[in-house]
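Undergrad: Let me give you the structure first, and then I'll get to my questions.
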Amino acid sequence: MPELPEVETVVRGLRSTLEGKRVRQFIFLSAHLQRKQPVPALRPEDYRGKRIEEIQRRGKMIILNFEGGCGLLIHLKMTGQLYLADPQQPVDKHTHARMTFAGFRPELRFRDIRKFGFVNCLPAPDIWKKVNSELGPEPLSIRWPEFRDLLQNHGKKRIKGWLLDQKLIAGIGNIYSDEILFRAGVRPDRLAGSLSLAEARKIFRSMRAVLRRAIELKGSSVSDYVDSTGQKGRFQAEHRVYDREGRHCRRCRLAQIQRKKIAGRSSFFCPACQK
């Protein structure tokens with residue numbers, strides 16, 4: 001599933017090209033997108049003629065704000081892609097929505113092989129009310145005292161599960177939780193309440209460093225993820241533990257990366273470097 005760095009990369013790419021553009025046509029190509037609409041919802045035709053005012057990210061979700069109060073809430077889930085394409089590029093069976101613009105040739109396409117993602121047509125105020133009630137603070141904007149207090153208040157959770165809990169902190173998934181904990185030198189099965197203040201601060205600093213570096217390299221393409229122009233990210237080349245079970249640790253060069261099921265997810269770690 002695309003995580004914060006991947007979604008942020010898509011948002012930055014779309015923001016630089018689509019903000020200020022006016023919608024000519026917005027259509028659903030697949031019935032399942034209509035079935036996933038909350039009640040009540042706006043209709044795709046309601047966006048015709050509306051100008052995109054702002055494109056933002058919240059957690060792993062993409063939010064498009066249009067003039068007149070219309071909004072789109074988009075979640076890529078496992079295999080979703082949101083990218084600009086030339087109108088002459090063939091539309092395959094996995095493309096489920098298209099948006100065209102006045103005076104701008106490329107069109108915006110939503111493609112999703114497994115159909116887990118969604119594009120919800122909602123008033124923008126409803127979107128922000130929903131995401132802010134369901135998601136915790138952003139990891140790149142949360143301050144250390146708030147981060148520390150969240151750890152202490154949920155001390156019975158495994159730190160891996162703590163990082164994955166979107167209600168506690170938004171946007172981190174399986175890839176980056178493993179990479180953050182490796183950089184911090186903390187095992188993923190440690191209880192959050194067992195961490196010393198120094199260890200908690202290492203996780204906080206590692207979280208910011210790993211996510212910023214991943215954004216700089218436009219995310220990790222380990223499955224279907226591509227950016228807004230259809231290009232793959234490059235951070236997967238810098239993974240230290242994720243999906244490297246049985247390989248030698250790139251830091252200590254001695255231990256082999258191990259995999260353990262934590263919070264229902266496969267977690268990768270170095271038994272020598274992480275305590």
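The values are calculated or read from the model by the stated rules, or taken from the named source; none is laboratory data. Just so it is clear, the structure is predicted and the values come from calculations on it, not from any experiment. Every residue, glycine among them, receives a Cβ derived from its backbone with ideal geometry; neighbour counts consider all protein chains shown.
Undergrad: Being loosely packed, with under 15 Cβ neighbours inside 10 Å and assigned to a loop (DSSP other than H, G, I, E, B) is the filter here; which residues of segment 233-270 pass it? Break it down stepwise before answering.
TA: Filtering segment 233-270 down to residues loosely packed, with under 15 Cβ neighbours inside 10 Å leaves 234, 237-238, 245-248, 252-254, 256, 261, 264, 266.
Residues satisfying the conditions are Arg234, Glu245, Gly246, Arg247, Cys252, Arg253, Leu254, Gly264.
Undergrad: Tell me, please, whether a residue that is under 17 Å from Gln56 (Cβ atoms) and surrounded by fewer than 21 Cβ atoms within 10 Å (Cβ to Cβ) can be found in segment 112-120.
TA: Within segment 112-120, one or more residues are under 17 Å from Gln56 (Cβ atoms) and surrounded by fewer than 21 Cβ atoms within 10 Å (Cβ to Cβ).
Undergrad: Tell me which strands (runs of 3 or more DSSP E) are completely within segment 1-98 and hold 1 or more residues being among the small types (Gly, Ala, Ser) and either closer than 30 Å to Ile142 by Cα or in the same structural domain as Ile172 (by TED's automatic domain parsing) (or both), or say none if there are none. Lay out the reasoning, then the answer.
TA: Numbers: elements: 23-28, 52-58, 61-66, 70-75, 80-85.
Hits in segment 1-98: 70-75, 80-85.
Undergrad: Right, another one. Give the number of residues within segment 27-53 that are among the acidic types (Asp, Glu), over 16 Å from Asn120 (Cβ atoms) and surrounded by fewer than 15 Cβ atoms within 10 Å (Cβ to Cβ).
TA: Restricting attention to segment 27-53, the residues satisfying the condition of being among the acidic types (Asp, Glu) are 45-46, 53.
Applying the additional criterion that residues be over 16 Å from Asn120 (Cβ atoms) yields 53.
Subsequent filtering for residues that are surrounded by fewer than 15 Cβ atoms within 10 Å (Cβ to Cβ) retains none.
Selection size over segment 27-53: 0.
Undergrad: More than 14 Å from the chain's Cα centre (by Cα) and either buried (at least 21 other Cβ atoms within 10 Å of the Cβ) or at pLDDT 95 or above (or both): is that true of Leu168 in this structure? If you could, list the steps in order and put the result at the bottom.
TA: On the way: more than 14 Å from the chain's Cα centre (by Cα): yes; either buried (at least 21 other Cβ atoms within 10 Å of the Cβ) or at pLDDT 95 or above (or both): yes.
For Leu168, the condition - more than 14 Å from the chain's Cα centre (by Cα) and either buried (at least 21 other Cβ atoms within 10 Å of the Cβ) or at pLDDT 95 or above (or both) - is met.
Undergrad: While we're looking at this one, here's another question. In this structure, does Arg109 turn out to be loosely packed, with under 14 Cβ neighbours inside 10 Å, part of a strand (DSSP E or B), basic (Lys, Arg) and in contact (Cβ under 8 Å) with a residue 12 or more places away in the chain?
TA: Details: loosely packed, with under 14 Cβ neighbours inside 10 Å: no; part of a strand (DSSP E or B): yes; basic (Lys, Arg): yes; in contact (Cβ under 8 Å) with a residue 12 or more places away in the chain: yes.
No, not satisfied.
Undergrad: Confirm whether Leu254 is at pLDDT 95 or above and not basic (Lys, Arg). If you could, list the steps in order and put the result at the bottom.
TA: Values: at pLDDT 95 or above: no; not basic (Lys, Arg): yes.
For Leu254, the condition - at pLDDT 95 or above and not basic (Lys, Arg) - is not met.
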